[in-house]
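K.L.:
First the structure, which I've put down as structure tokens, then a few questions once you've had a look.
What follows is calculated from the coordinates using simple rules that are stated; it is not laboratory data. Since the structure is predicted, the reported quantities are computational estimates derived from the model, not experimental observations. Every residue, glycine among them, receives a Cβ derived from its backbone with ideal geometry; neighbour counts consider all protein chains shown.
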Amino acid sequence: MIPILDLTRQYSALKADLESALLEVAESGQYVLGKYVERFEKEIAAYLGVKHAIGCANGSDALYIAMEALGIRAGDEVITTPFTFVATSEAVNRAGASPVFADIDPVTFNIDVSKIEAKITPRTKAILPVHLYGQPADMDALMTLAKKHNLSVVEDCAQSIGATFGKQMTGAIGTIGCFSFFPTKNLGAMGDGGLLTTNDDALAEKLKMIRVHGSKQRYLHEIFGINSRLDAMQAAVLSVKLPHLDSWADGRRAVAKRYDELLKPLVDAGLIETPVVGKNRTAVFHQYTIRIKGATGKWRDEVQAKLKDAGVMAMIYYPIPQYNQPTHAHLGCKASDYPQTERTCAEVLSLPMFPELTAAEQQQVADALSGILVKQPVKA
Ligand SMILES: *Cc1c(COP(=O)(O)O)cnc(C)c1O
């Protein structure tokens, strides 16, 4: 079976470095926050080109801590994309505020900035774009709009570490950037981990306080916070991996390019669409996601099942729009307001993607997909 992601290949390549880093932490007796976390925070701040990088327990907490630090609470609204992992809108809900969904751009899969302005109300406090599949949202247009309406911008960079818009890295453009080091992300720990970034000194201080129960001075709690600390083992693993991140991104782009070539006949036949990277940005291909053109969700699911029979794991990120989640029923969103999200949830299929994927494996993926699609009607 060709997996969607194989982390054992990366581990084998870095085994000696990872094991000595882990042992060093074990022997240090310092396991949560502390010097290994501070070292990693310095390294990643330099890599991303931001003034402050603050480790936390996971990407979901990073998003929630960002909401808290910006004072977003009950009665407030945050405009975001409905086509994302649940953690994005969940952070808004956890803060007591309401997510407001804007439809997506069908080319980049990211929030359609031209759909945001109509959603702004006096309650709107922030815009929360997601750089989905490792491709930045249109940050030029988004930042211009945010400035015009005096809104904060929280970037969900869980899938986009190392991707750039213009000359800037994602996470260095908005008010706050939120990252995840879940093992399957492009920079993955050996457990959970997350990060907050900002260029604002006062906000950085607040983010740091919120991750440790709202305190600067031990046992003095000036604001409400949570326990969301990065641990030293994860930081040490991340310090070993960070110097390799750009070459892994190059590897992912090479895999994407090879897929583009292998799948071109299916594109030319009008059966699928392969990813397109928007202007003025670079993508890090967290996923390589194709569209089965015109597919119903049922037919797309069948393609996934047939690929599995042919020894290829493919995944659906994401089958259900956030506005259709039971947790958001009270928002009363109408599917007809989101034609692009509706179509996209039915059409998308993510293929195996990791830097170590071989040309032979990619050939097998392309052959399997071709075998399924050219013999079957596209519409179920
Ligand atoms: C993974 C992910 C998160 C959450 O990160 P965790 O570290 O798993 O909590 C948030 N948003 C997006 C888009 C993600 O892919």
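K.L.:
With the checklist (1) within 15 Å of the ligand (Cβ to nearest atom); (2) of a type in the set (Gly, Ala, Ser); (3) farther than 16 Å from Cys178 by Cβ in hand, flag the one item Ala57 doesn't pass.
P.N.:
Only one criterion in (1) within 15 Å of the ligand (Cβ to nearest atom); (2) of a type in the set (Gly, Ala, Ser); (3) farther than 16 Å from Cys178 by Cβ is unmet by Ala57, namely (3).
K.L.:
I'm checking my understanding of the structure. Among residues of region 334-380 that are in contact with a strand residue (DSSP E or B) (Cβ under 6 Å, 6 or more places away or on another chain) and assigned to a loop (DSSP other than H, G, I, E, B), which one is surrounded by the fewest Cβ atoms within 10 Å (Cβ to Cβ)?
P.N.:
Met353
K.L.:
Right, next: Answer yes or no: is there a residue in region 117-124 that is out of contact with any His (no Cβ under 8 Å at 6 or more places or on another chain), buried (at least 21 other Cβ atoms within 10 Å of the Cβ) and of a type outside the set (D, E, K, R).
P.N.:
no
K.L.:
Any idea which of Gly188, Gly214 is surrounded by fewer than 18 Cβ atoms within 10 Å (Cβ to Cβ) and either in contact with a strand residue (DSSP E or B) (Cβ under 6 Å, 6 or more places away or on another chain) or closer than 24 Å to Ser20 by Cα (or both)?
P.N.:
Gly214
K.L.:
On the basis of being within 16 Å of the ligand (Cβ to nearest atom), over 23 Å from Asp138 (Cα atoms) and not in a strand (DSSP E or B), does Ala235 make the cut?
P.N.:
Judged against the criteria, Ala235 is a match.
K.L.:
Among the residues of region 263-288, write down those that are of a type in the set (Lys, Arg) and buried (at least 17 other Cβ atoms within 10 Å of the Cβ).
P.N.:
Arg281, the sole residue that qualifies.
K.L.:
Take the residues in region 164-185 that are assigned to a loop (DSSP other than H, G, I, E, B) and within 16 Å of the ligand (Cβ to nearest atom); name whichever of them is surrounded by the fewest Cβ atoms within 10 Å (Cβ to Cβ).
P.N.:
So, considering only residues that are assigned to a loop (DSSP other than H, G, I, E, B) and within 16 Å of the ligand (Cβ to nearest atom), the one surrounded by the fewest Cβ atoms within 10 Å (Cβ to Cβ) is Thr184.
K.L.:
If I filter region 186-217 down to residues being in contact with a His (Cβ under 7 Å, 6 or more places away or on another chain) and within 16 Å of the ligand (Cβ to nearest atom), which single residue comes out as farthest from Ser152 (Cα to Cα)?
P.N.:
So the residue we want is Asn186.
K.L.:
Can you tell me how many residues in region 186-218 are outside any strand (DSSP E or B) and more than 16 Å from Gly134 (Cβ to Cβ)?
P.N.:
23
K.L.:
Let me ask something else about it. Taking the condition of being acidic (Asp, Glu) and crowded, with 17+ Cβ neighbours inside 10 Å, how many residues in region 225-262 meet it?
P.N.:
Of the residues in region 225-262, 1 are acidic (Asp, Glu) and crowded, with 17+ Cβ neighbours inside 10 Å.
K.L.:
Still on this model: Conditions first: (1) within 12 Å of the ligand (Cβ to nearest atom); (2) free of Cβ contacts under 8 Å to residues at least 60 places away in the same chain. His149 passes all but one, so which condition is the exception?
P.N.:
(1)
K.L.:
What residue, of Ala62, Ala91, Ala53, Ala66, is surrounded by 14 or more Cβ atoms within 10 Å (Cβ to Cβ) and touching a Lys or Arg at 6+ places or on another chain (Cβ under 8 Å)?
P.N.:
Matching residue, one of Ala62, Ala91, Ala53, Ala66: Ala53.
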